[in-house]
Each structure stands twice: as structure tokens, then as C-alpha cells.
1. Counting only residues that are within 19 Å of residue 90 (Cα to Cα), part of a strand (DSSP E or B) and near ligand 1 (Cβ under 10 Å from one of its atoms), how many does segment 15-51 have?
2. Among the residues of segment 197-228, write down those that are over 23 Å from residue 91 (Cβ atoms) and part of a loop (DSSP other than H, G, I, E, B).
3. Name the residue, out of 95, 139, 107, that is within 23 Å of the chain's Cα centre (by Cα) and at pLDDT 95 or above.
4. Do you know which residues across segment 47-80 are surrounded by fewer than 19 Cβ atoms within 10 Å (Cβ to Cβ), modelled with pLDDT of 95 or more and in contact with a helix residue (DSSP H, G or I) (Cβ under 6 Å, 6 or more places away or on another chain)?
5. Output the residues belonging to segment 205-226 that are in contact with a helix residue (DSSP H, G or I) (Cβ under 7 Å, 6 or more places away or on another chain) and more than 16 Å from ligand 1 (Cβ to nearest atom).
6. Quick one: in segment 186-204, which of the residues that are touching a helix residue (DSSP H, G or I) at 6+ places or on another chain (Cβ under 8 Å) and surrounded by fewer than 20 Cβ atoms within 10 Å (Cβ to Cβ) is farthest from residue 58 (Cα to Cα)?
7. Criterion first (within 16 Å of ligand 2 (Cβ to nearest atom), closer than 25 Å to residue 209 by Cα and touching a strand residue (DSSP E or B) at 6+ places or on another chain (Cβ under 6 Å)) does residue 42 satisfy it?
8. I need the helices (runs of 4 or more DSSP H) fully contained in segment 52-154, keeping only those with at least 3 residues that are more than 16 Å from ligand 2 (Cβ to nearest atom), out of contact with any strand residue (DSSP E or B) (no Cβ under 8 Å at 6 or more places or on another chain) and in contact (Cβ under 8 Å) with a residue 40 or more places away in the chain.
Ligand SMILES: Nc1ncnc2c1ncn2[C@@H]1O[C@H](COP(=O)(O)OP(=O)(O)OP(=O)(O)O)[C@@H](O)[C@H]1O
Ligand SMILES: [Mg+2]
């Protein structure tokens, strides 16, 4: 029943506290965030503000100290294998298994479940390989032979292998050159639309942020201080926002945003790449 509701992620009064040598570190304090079906919600915040930890909580890898995190109406930790099917994650430093081929990497989560015969798993992985813009000839390659952009695509295919309705992306374009970054954004935009995904993304890259987000949430002072359109967020008076969006780097990205025509199909099929 809950699967039909519009709210995909519901975080209420979340506290995350880690014990350290000097006492306790409060990462999140009374953090509230609700994410509706079909959104591309981007989380921005300074380094160490708890963005990755929040994604890990949505995935069920980390438990709240206090408060609740629900995905499709349930606590992600309670879901085990079913939970893994609901949420796919592209990890911030998500290296592939170097001893496995591209196809074995993509198939890994499905193989771990031990529910399906090898042939079906292989076919499912081949479908995902093509879905992320790679070709069957890449299937047997080793991760060491791939470009940075291709590694991200394989990791994305692995995150999508169980057809999750919710996809978490931690710095999806970090380390990619501008061209690879643009092309990965195009892929993500297409998949979001075609698969009807809900996406939660962490990014420091303003081009990626403005390119893909349907809503931006800012993490500061241990909580989400504001969420809304780029315009709404930038208008919110807070030192972090001022520095982040209105510093030199932010100004350049904003100008590029204003200069850029709205995303439209290429003028002809031949000009697509
Ligand atoms: N398992 C853990 N035990 C103790 N402290 C942790 C743990 N995981 C994260 N932290 C701390 O929680 C804080 C938030 O970490 P997190 O990785 O979520 O930051 P972030 O916002 O993703 O930063 P970045 O932008 O640099 O990736 C940091 O101070 C980190 O050291
Ligand atoms: Mg992080």
C-alpha cells in the first residue's frame, strides 16, 4: 500500500551522533527531509556535514541515533534483500571489484541473492550494460582497462541491476573531465525520465547540480536549512549559501546556466555526439 504513496523518503527528527576519542560528534540534529516520487533531490553542504552518512542511512547501512528514516514507508534496515531491491547506490569512492570483469561487477548484487540461474543473471546484466550506454564488447573487459567515465557507467549499471525505484548518487561526476561529466549527466537525465526514478544526489559540482536537480536541499548547522529551486535556495540568507553559490565558482556556474539554452533534442540525429 505504501509503495503507491508519493513519498519515497521520509526523514524525521533525525539525530546522528558518532563517538570519538574526544567525546561525541553530532552530525545531524533534528534533521527533516521528505522526498517525493520522481524528484531529483540534490544535497549540498560543506565537507563533513553528513551528506554521505545521510545516503548511507537511506540505504540502511547506518542507523539513526534518534528519529526515523523511512523508504517507501519502511525502515531501510528492516528490509534486507528487499531493501537492496528498493534502493540503488552509486558510491562516492565506489571502486569496482578489480578482479571481476565488467559484467561480473554489474551482476554482483543479483548473484549475491542466489535466487536466479546464471543465464538469467547474465542477461539482466547485459541489459543494464546497454542501458548505461556501453556495448556488449565491453562485458569481458577488466575495470583497469576502462576510462573514468566508463567506470562510473559500470557502477551505475550495478546500482540499477535490481531495478530500484530509488537511486542514490554520491558525487556522480567527481573526477570526470567536463565532457565525460556532461555525457554522464545526459545519461542520468535520460534514465531518470525513462525509468521514472526518484534520485537523491550529493554533488559539489555546480554544473551537475543545476543541470539535473528538480530540488536542492542545503545541509548546514546539522540540518536541512532550506530546500527548493536554485533561485529559492540562493535567496536564503546563510553564510554557507552565500559562499557556495555567490563566490567566484558559483557565479561562473550561474552565468553558464543563464547563457545555456534549455536542454533540447539535438538538431539532427547525426549531431547527437
Ligand atoms: N562510521 C563513522 N564513525 C565515526 N564518524 C563518522 C563515521 N562516518 C562518518 N563520520 C563522520 O561524520 C561526519 C560526516 O561525514 P560524511 O562522510 O557524511 O561527510 P560528507 O558531507 O559526505 O563530506 P564530503 O563532502 O567530504 O564527502 C564526518 O565528520 C565524518 O568524520
Ligand atoms: Mg561524502
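The values are calculated or read from the model by the stated rules, or taken from the named source; none is laboratory data. Every value quoted in this text rests on a predicted model; they were computed, and no experiment measured them. Glycine also receives a Cβ, built like all others from the backbone with ideal geometry; neighbour counts cover every protein chain displayed.
1. 3
2. Passing the criteria: 221, 222.
3. 107
4. The answer is none; no residue qualifies.
5. Of everything in segment 205-226, those that are in contact with a helix residue (DSSP H, G or I) (Cβ under 7 Å, 6 or more places away or on another chain) and more than 16 Å from ligand 1 (Cβ to nearest atom) turn out to be 207, 210, 211, 212, 226.
6. Pass one, segment 186-204, residues touching a helix residue (DSSP H, G or I) at 6+ places or on another chain (Cβ under 8 Å): 187-189, 191-192, 197, 199-203.
Narrowing the set further to residues that are surrounded by fewer than 20 Cβ atoms within 10 Å (Cβ to Cβ) leaves 187, 189, 191-192.
Numbers: 187: 23, 189: 22, 191: 21, 192: 19 Å.
In this case the residue turns out to be 187.
7. yes
8. Values: elements: 80-86, 102-113, 118-131.
Counting at least 3 such residues, we get 102-113.
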